[in-house]
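Working notes, structure below.
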Number of protein chains: 2
Amino acid sequence: MCLAGYALVMAARDLQERIKRLIIDRRLASGAPLPTEPELMEHLGASRNSVREALKGLQAMGIVEIRHGFGTYVGTMSLAPMIEGLAFRTVAGHYRGEDTLLQLVQLREAVETGLVSRLAGRVPEGDLVELDALVDRMEEQAARGGDGIADTDRAFHATLYRGLDNALLGEVMEAFWDAFHRVHTDLGGVPQDPLVTCRQHREIVEAVRSGDAIRAEEAIREHFGNIRARVSTTGTQDPHRCHNERV
Amino acid sequence: MCLAGYALVMAARDLQERIKRLIIDRRLASGAPLPTEPELMEHLGASRNSVREALKGLQAMGIVEIRHGFGTYVGTMSLAPMIEGLAFRTVAGHYRGEDTLLQLVQLREAVETGLVSRLAGRVPEGDLVELDALVDRMEEQAARGGDGIADTDRAFHATLYRGLDNALLGEVMEAFWDAFHRVHTDLGGVPQDPLVTCRQHREIVEAVRSGDAIRAEEAIREHFGNIRARVSTTGTQDPHRCHNERV
DNA sequence: CTAGCTCAGTTGGTTAGAGCAGCTGACTCT
DNA sequence: AGAGTCAGCTGCTCTAACCAACTGAGCTAG
């Protein structure tokens, strides 16, 4: 076996590349089925094992999606793997005494302040209404017991940047939010006061609605100042306390 | 085998998590050696094959680094995998007729304009001198034949944002640059006029040096306007032309 | 004595074949 | 006609063997 003529040496590293090329060349869109493992074995001239290892790598990058007993498909290519990597990197660094969580917040702050100033006065009315509704909902959730606050928070930031009409940008924003949220909860961080968050979200909406770029930027900055303060009070805790879910 | 007591069912998905936890719990820093494959087999109660597939996934996320005949080590956790994923996603989308490359440029533009305004007047003199030198070097390279221009360009953007003293932020900036550059060259994009780039880089340095945030933002925007124009003229070419390197 | 080589032992890379597990669809029995 | 069953895909896991890259101890030649 493995007599593909030119690939007698080196295999795994290139297998991934060849599978990627296969996707490109065949113009396969997300969700399209990939050849089965036996087919890939023959097509690539490699053993089952090598093919599977290559697929595992591609799966980790979100390029491929594997469903047991069903088949292998072109992945959604979402930024989920990036979130995973970013979150792990942050957690690992945190336990080694680095201020990685703060850096992550600063990253979000830098990007969002940069975007919101361009957004001021250019958010469609529909989105503004939706943002209002999201703040309302968070106030309700705060009054009840706090369930679902995180989702509402996430939705707020996602909706805010929808007007940029750049899918990639929106996804990157969401990815950063997800990474931060996962790390913050895994590390048992101090939850924020929902009412403060609501007030700051409200101010962001008003600032954007008014079209005042400076005010909008200031609103975002204050919001993140609040988040930053919480992060700074998060001490290094014992890693075994973070067993709530994954790393 | 596989009689770890509780893990008779389900294996692979958790193997990665367990290896990650091992890194966290042992406070392993980048470059620290991981247990060898046989050791991991015993520790995790899984076969060599499963262990290797898990490691392949972690390697794809940059969490682990595997060196043939040497050992397995904690990875640098750089954003290289993100670049990989982003680049592939952009290329794949491009060939399916989507404007993914333009989106990528817009992403860079949005982030950099947001950052540069905060940077104005706060870049250390040493960095400014270095930036001047980088523009000088690019002018030389342009006069000679163009070799190494891309590296100088990359170094310019990297140096510019070094003053933010946030390693993560710098890496994200570089990652976006890398992804764009790889896609642009793979797609056989129109190379920019180096002299225009030099002039625009010069203007960015001067704007930042003067401390004028508005001017700095304008300079960045003009620079990216130039890049955007080039990208828009990049037609969809045949995928077989992009064999210069990887996908 | 040192420079260089060789060789055994380590580590990861690859292959092979067998059996397990999840899903689908057609076939059969009621 | 409907529900259960079974054969057939699919990917998942294990075992066992051998290949390839690297290290370091020991030997040999200069």
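The values are calculated or read from the model by the stated rules, or taken from the named source; none is laboratory data. Please read these numbers as outputs of a predicted model, since none were measured by experiment. Methodologically, a virtual Cβ is constructed for each residue, glycine included, from the backbone with ideal geometry; neighbour enumeration extends over all protein chains shown. Just so you know, the surface numbers come from the protein's heavy atoms only, side chains and all, with ligands and any DNA or RNA stripped out. Shrake-Rupley method; radii C 1.70, N 1.55, O 1.52, S 1.80 Å.
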> Got the A:Pro33 label distances to the other copies yet, label 7 Å along Cα→Cβ, in nm, shortest first?
Replying inline: 4.7
>> Taking the Cα centre as origin and putting +1 on Lys and Arg beta-carbons and -1 on Asp and Glu beta-carbons, what dipole magnitude results for the protein assembly as shown, to the nearest 20 debye?
In response: 1280 debye
>> At 1.4 Å probe size, put A:Arg18, A:Arg122 in order of accessible surface, largest to smallest.
In response: A:Arg122, A:Arg18
> What is the dipole size for the stretch A:12-74, taken about its Cα centre, with +1 at each Lys and Arg Cβ and -1 at each Asp and Glu Cβ, in debye to the nearest 20?
Replying inline: 120 debye
> Where does the charge balance sit around A:Ser78 when Lys and Arg score +1, Asp and Glu -1, over other residues with C-beta under 12 Å from its C-beta?
Replying inline: -4
> With a ≥ b ≥ c the root eigenvalues of the C-alpha gyration tensor of the stretch B:12-74, is it rounded (a/c under 1.5), prolate (a/b larger than b/c) or oblate?
Replying inline: rounded
> the stretch A:108-170 to the stretch B:10-27: how many Å between their Cα centroids?
Replying inline: 34 Å
> Tilt of helix A:125-144 relative to the longest C-alpha principal axis of chain A, in degrees (0 to 90, nearest 10)?
Replying inline: 80 degrees
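Once you have the alpha carbon radius of gyration of the stretch A:80-241, what is it after dividing by 2.2 N^0.38 Å, with N set to its residue count?
My calculation over the Cα atoms of the stretch A:80-241 gives 1.02.
What does the charge count near B:Arg154 come to, summing +1 for each Lys or Arg and -1 for each Asp or Glu among other residues with Cβ under 10 Å from its Cβ?
-4
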> For label points placed 7 Å from Cα toward Cβ, what is the shortest-first list of nm distances from B:Asp212 to its copies?
Replying inline: 2.6
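Rounded, prolate or oblate: which fits the protein assembly as shown, taking a ≥ b ≥ c as square roots of the Cα gyration tensor eigenvalues, rounded meaning a/c under 1.5, else prolate when a/b beats b/c?
Verdict is oblate for the protein assembly as shown.
Can you classify the stretch A:109-201 as rounded, prolate or oblate using the Cα gyration tensor, where a ≥ b ≥ c are the square roots of its eigenvalues, rounded means a/c under 1.5, and otherwise it's prolate if a/b beats b/c and oblate if not?
oblate
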> What net charge do the residues around A:Ala12 carry, taking every other residue with its C-beta under 11 Å from that of A:Ala12, with Lys and Arg at +1 and Asp and Glu at -1?
Replying inline: +3
>> With unit charges on the beta carbons (Lys and Arg positive, Asp and Glu negative) and the dipole taken about the Cα centre of the stretch B:12-74, which residue among B:Asn49, B:Ala12, B:Thr36 sits farthest to the positive side?
In response: B:Ala12
